[in-house]
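Student: Here's a structure for you.
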Amino acid sequence: MRAGRPSEGPGLTDRDRGDEAGPALAAAATRLRAARFAVALTGAGISVESGIPDFRSPGGLWSVFRPEEYATIEAFRRDPAKAWRLYRALGETLAGREPNDAHRALAALEEAGLLRLVITQNIDGLHQAAGSRAVIEMHGDHRRLQCPRCGHLEDVRPERFAEPVPACPACAAPLKPNVVLFGEPVRDLDLIEAAVARCDLLLVVGTSAQVYPAAGIPAAVRARGGVVIEFNREETPLTAGVVPAGLHFRGPAGHTLARFARAALGD
Ligand code: BV8
Ligand code: ZN
């Protein structure tokens, strides 16, 4: 599926759009074109413009469901019915969401051979919906249910969310969404480490860099001499610590990343 070229973002002020970053954005795009193995690391912020609230901004999901209370494997084991209240709320926020210009920008860069891989912390499937093919969902996905006891996996059918706690058809244990809870190992860490070992340029988009091991990826790329370019609405621990000066592009990723991609694609 041909990734749609990112269009101009909605009517925003220059400040909002990060337009004053023009020359720096063009310079960053040149770096991307020169990179041998560029990778993107994305977090919940890239999906905010698709209507999915992020976790830590005020009013986010975790202002309602405290993660240590709901999003840990211990909480699930202790009280699956309570954990399923979060999962159903999560399912509702994800239903019917579409990719935005930021997802499309990454898909267009992959198609042009300028981006090798997207490593996402998101479980919303919007990178794949935008046309990205090389995607690692390191915190799992919300389109399947998983049995933590026997490993049974099944695609989510809406009626399953109606049950208080869906039971595994193979061993009757309580099923959980196929997402990685706190205290569970992240997915495909070996593939991630292999990609980081080859990565000479990392785009970091819409993450507060607070959850590990994801938050450690930018520093690992930097430690090997790679370049880290950050797209975020605000500064994060990465901005001062890992992102070289002039490579933090502030603003909504649906605009900043789309402009960056257009510059890199020569649009
Ligand atoms: C593990 C799944 C080991 C479901 C999630 C003490 C110190 C260090 C680490 C730990 C510690 N204690 C415990 C740990 C480990 C723990 C951890 O890191 N805890 C943190 C909280 C301290 N990590 C784990 O448990 C991991 N597993 O370590 O396992 C192990 C090994 C072997 C055997 C057994 C165990 C598992 C972590 C995965 C947890 N699951 N979610 C779900 O998605 O609900 S994490 C959850 O946080 C989401 O996946 C989310 O993506 C992720 C990170 O959040 P962000 O994506 O960054 O989102 P956030 O809202 O925070 O930020 C959004 C950003 O976007 C902001 O900066 C905002 O400014 C920006 N933004 C907003 N709008 C826009 C924007 N930017 C641009 N444009 C916009 N429009
Ligand atoms: Zn089972």
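Student: Helix-only estimate, please: 222 nm mean residue ellipticity of the chain, summing -39500 (n - 2.57) across DSSP H runs of length 4 or more and dividing by its residues, to the nearest 500. Show your work: numbers first, answer last.
Tutor: Numbers: 13 runs with 102 residues, N = 267.
Using -39500 (n - 2.57) per qualifying helix, the result is -10000 deg cm²/dmol.
Student: Let me ask something else about it. Pull up the DSSP beta bridges for the chain and report the antiparallel fraction as a percent, rounded to 5.
Tutor: 25 percent
Student: Let me ask something else about it. Please report the base-10 log of the normalised intensity I(q)/I(0) for the chain, using a Debye sum with one equal scatterer per alpha carbon and no solvent, at each q in 0.07, 0.08, 0.11, 0.12 (1/Å).
Tutor: -0.25, -0.32, -0.60, -0.71
Student: What ranking of 200, 267, 124 emerges when the number of other C-beta atoms within 10 Å of each C-beta is taken as an exposure proxy, fewest first?
Tutor: Lowest to highest Cβ neighbour count: 267, 200, 124.
Student: Could you list 176, 82 in order of exposure, starting from the residue whose Cβ has the fewest other Cβ atoms within 10 Å?
Tutor: If I rank by nearby Cβ atoms, fewest first, I get 82, 176.
Student: Each residue of the stretch 55-66 in order: what ³J(HN,Hα) in whole Hz does its phi give by Karplus 6.51 cos²θ - 1.76 cosθ + 1.60, θ = phi - 60°, with x for Gly and Pro?
Tutor: With the stated coefficients, the stretch 55-66 comes to 8, 9, 5, x, x, x, 4, 7, 7, 9, 10, 5 Hz.
Student: Also: Going by C-beta contacts inside 10 Å, put 139, 103, 248, 152 in order with the fewest on the left.
Tutor: Fewest-to-most Cβ neighbours within 10 Å comes out as 152, 139, 248, 103.
Student: Now for a separate question. Taking the chain as the reference, fit the longest principal axis to its C-alpha atoms, fit the long axis of helix 189-198 to the helix C-alpha atoms, and give the angle between the two in degrees, 0 to 90, nearest 10.
Tutor: Between the helix axis and the principal axis of the chain, the angle is about 10 degrees.
Student: Can you run phi through the Karplus equation (6.51, -1.76, 1.60; θ = phi - 60°) for the stretch 92-105 and list ³J(HN,Hα) in whole Hz, with x for Gly and Pro?
Tutor: Residue by residue, the stretch 92-105 yields 5, 6, 8, 4, x, 7, 10, x, 10, 4, 6, 4, 5, 4 Hz.
Student: Which whole number in µm²/s is D for the stretch 158-202 by Stokes-Einstein, with the Kirkwood Rh taken over Cα pairs at 20 °C and 1.002 mPa s?
Tutor: Roughly 156 µm²/s, to the nearest whole number.
Student: Are there trypsin sites (Lys or Arg not before Pro) in the stretch 210-267 that DSSP puts in a loop and that have at most 13 other Cβ atoms within 10 Å, and which ones?
Tutor: Those satisfying the criteria are 224.
Every number in this text was worked out from the coordinates using simple rules, so none of it is lab data. What you see is a predicted model, and the numbers here were worked out from it, not measured in a lab. With ideal geometry, Cβ positions are generated from the backbone for all residues, glycine too; neighbour counts draw on all protein chains shown.
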